[in-house]
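Below you'll find the structure, written out as structure tokens, and then a few comments.
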Amino acid sequence: MAMGTARVVFDRWSDRYAHRIAGVRTSAVRDLFAAASRPDMISLSGGMPDVSKVPSAAVAQAAHDAMLHEGTQALQYGSSEGRVQTRTLVAELMAEIGVRLSADDVVITAGAQQALDLLAKAFLDPGDLIITEGPTYVGALQAFSAYEPDIRCVQMDAEGMRMDLLEAELKRVGPRGAKFIYTIPNFQNPAGVTMSPDRRRRLLELAREYDIPVVEDDPYGRLRFDGGHMKPLRSLDDDVIYLGTFSKIFAPGLRLGWITAPKPILAKVLLVKQAADLCGSNFAQVTAERYFLGTKWRKTLQNLTATYAERRDAMIAALDEHFPPEARWVKPDGGFFVWVELPPYVDCASMLAEAVEHGVTFVPGDGCFPDGRGRNCMRLAFCYAQPEAIEEGIRRLAEVIEDRLELYRAFIAAGAIVEEGAA
Ligand SMILES: Cc1ncc(COP(=O)(O)O)c(C=O)c1O
């Protein structure tokens with residue numbers, strides 16, 4: 001379809017769908033993929049890992065060995081919790097970040113995304129309260145919204161979720177007043193910030209005091225560029241529900257992630273997973289097991305991390321150079337994203353079409369809140385484009401922003417808008 005051609009499809013089943021689907025918004029990121037495929041387009045929108053850095057020969061070898069040595073199992077249905085060998089591999093990876101588990105504490109999922117959906121299905125009735133960071137991961141909002149919860153967001157600063165605001169929210173909802181608190185402590189998607197060790201401890205104290213489970217989503221923890229490793233919440237408290245994924249340390253195409261949680265919760269997750277898909281892909285699991293044999297994957301992960309660090313630097317340098325002084329961001333210590341806050345009168349969602357015309361895409365911030373906040377914010381992904389493209393993309397975006405700011409300044413000069421405090 002040509003860019004800008006609107007096509008309205010009449011849906012004659014529109015009165016048949018369940019109520020829960022009405023609250024699920026389509027992800028602007030996914031909608032943008034079509035536009036982002038134009039050859040001259042610079043995508044700063046999608047959080048796609050650079051899989052070109054994953055050696056295809058090593059993956060081919062792993063898949064080949066999987067078939068050669070375990071072909072009949074790889075092609076067969078498997079157990080709902082996942083292969084014991086894959087769960088053992090997960091336990092080993094978790095031990096490296098300070099979490100001691102056995103294979104029995106792990107359920108393999110189709111990416112962390114499925115774990116989010118399964119948790120929501122297991123925990124949420126319509127109207128149930130949950131607490132998330134604001135902004136938070138669009139895919140989590142999508143997964144949760146389908147079960148019609150009341151989502152309360154807690155604002156963040158450079159140290160992650162603000163504990164004073166969380167405490168105030170918990171006082172409002174009371175003990176056991178929310179079904180869970182969802183957090184992405186490392187290099188948050190979309191804000192890029194990392195929760196400080198003090199805040200991690202405080203979060204767990206508050207969660208205990210109010211008897212509310214914490215869901216820790218940690219896809220980016222191993223992609224650290226600066227500073228030392230920070231202990232996952234799960235390493236400090238066995239009651240934390242932890243979601244991990246192979247998507248960023250290997251490849252999202254295999255759709256492999258995992259969840260670890262207290263035994264009764266894990267049993268419920270397993271139950272809903274059986275209904276969802278019977279079992280995950282054995283073929284993907286055997287291939288991943290083979291890929292993670294030996295140490296080559298560590299070198300690949302090191303290269304990937306170095307690549308992302310270089311791109312982060314390119315993005316920060318370009319923001320410093322091209323973005324207006326009114327813009328604010330926090331330099332991330334790892335992960336994929338920079339979150340930029342513009343003055344409140346800039347509407348990033350309405351700027352997107354113009355940005356696409358200029359050949360650059362980003363994610364407007366309002367999709368990262370359940371309540372329409374964040375319109376003056378944007379998520380910029382540095383994981384996928386090359387440093388030169390990032391520089392050019394930021395330059396193009398700065399032009400679009402400058403147009404908006406100029407318009408605003410003209411309105412002020414004409415007296416059509418009065419600035420706050422100036423009245
Ligand atoms: C915070 C967060 N959680 C979960 C996911 C889902 O990852 P996957 O399903 O590929 O494991 C993502 C993907 O970008 C993410 O950023």
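The values are calculated or read from the model by the stated rules, or taken from the named source; none is laboratory data. In this text the structure is predicted, and so the values were computed from the model without any measurement. Using ideal geometry, Cβ is built from the backbone for each residue, glycine included, and neighbour counts are taken over all protein chains shown. Please note that ligands, DNA and RNA were not included when accessible areas were found on the heavy atoms of the full protein model with its side chains. Shrake-Rupley method; radii C 1.70, N 1.55, O 1.52, S 1.80 Å.
Listing for the model above:
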| quantity | calculated |
| --- | --- |
| Single unsatisfied condition, Arg172 versus (1) within 16 Å of the ligand (Cβ to nearest atom); (2) open to solvent by 60 Å² or more (accessible area, probe 1.4 Å); (3) over 17 Å from the mean Cα position of the chain (by Cα) | (1) |
| Close pairs from region 80-97: first within 15 Å of Phe250 (Cα to Cα), partner part of a helix (DSSP H, G or I) and open to solvent by 20 Å² or more (accessible area, probe 1.4 Å), Cβ under 7 Å, at least 6 apart | Thr86/Glu289; Leu89/Glu289 |
| Helices (runs of 4 or more DSSP H) fully within region 1-115 counting 1 or more residues that are among the β-branched types (Val, Ile, Thr) and modelled with pLDDT of 95 or more | 56-74, 84-96 |
| Residue in region 108-125 that is open to solvent by 70 Å² or more (accessible area, probe 1.4 Å) and under 26 Å from Phe144 (Cβ atoms) present | yes |
| Selection count where residues are free of Cβ contacts under 8 Å to residues at least 24 places away in the same chain and buried (at least 16 other Cβ atoms within 10 Å of the Cβ), scope region 68-79 | 0 |
| Residue ID - nearest to the ligand (Cβ to nearest atom), chosen from residues in region 178-210 that are touching a helix residue (DSSP H, G or I) at 6+ places or on another chain (Cβ under 7 Å) and more than 27 Å from Leu223 (Cα to Cα) | Lys179 |
| Top-ranked residue in region 251-283 [being within 12 Å of the ligand (Cβ to nearest atom) and surrounded by fewer than 24 Cβ atoms within 10 Å (Cβ to Cβ); ranked as farthest from Gln114 (Cα to Cα)] | Ala251 |
| Criterion violated by Gly244 - all others in (1) surrounded by fewer than 22 Cβ atoms within 10 Å (Cβ to Cβ); (2) within 13 Å of the ligand (Cβ to nearest atom); (3) closer than 20 Å to Ala120 by Cβ satisfied | (1) |
| Where a residue in region 238-259 is on the phi > 0 side of the Ramachandran plot and its partner, wherever it lies, is more than 9 Å from the ligand (Cβ to nearest atom), with Cβ under 9 Å and at least six apart | Arg255/Gly280; Arg255/Ser281; Arg255/Ala284 |
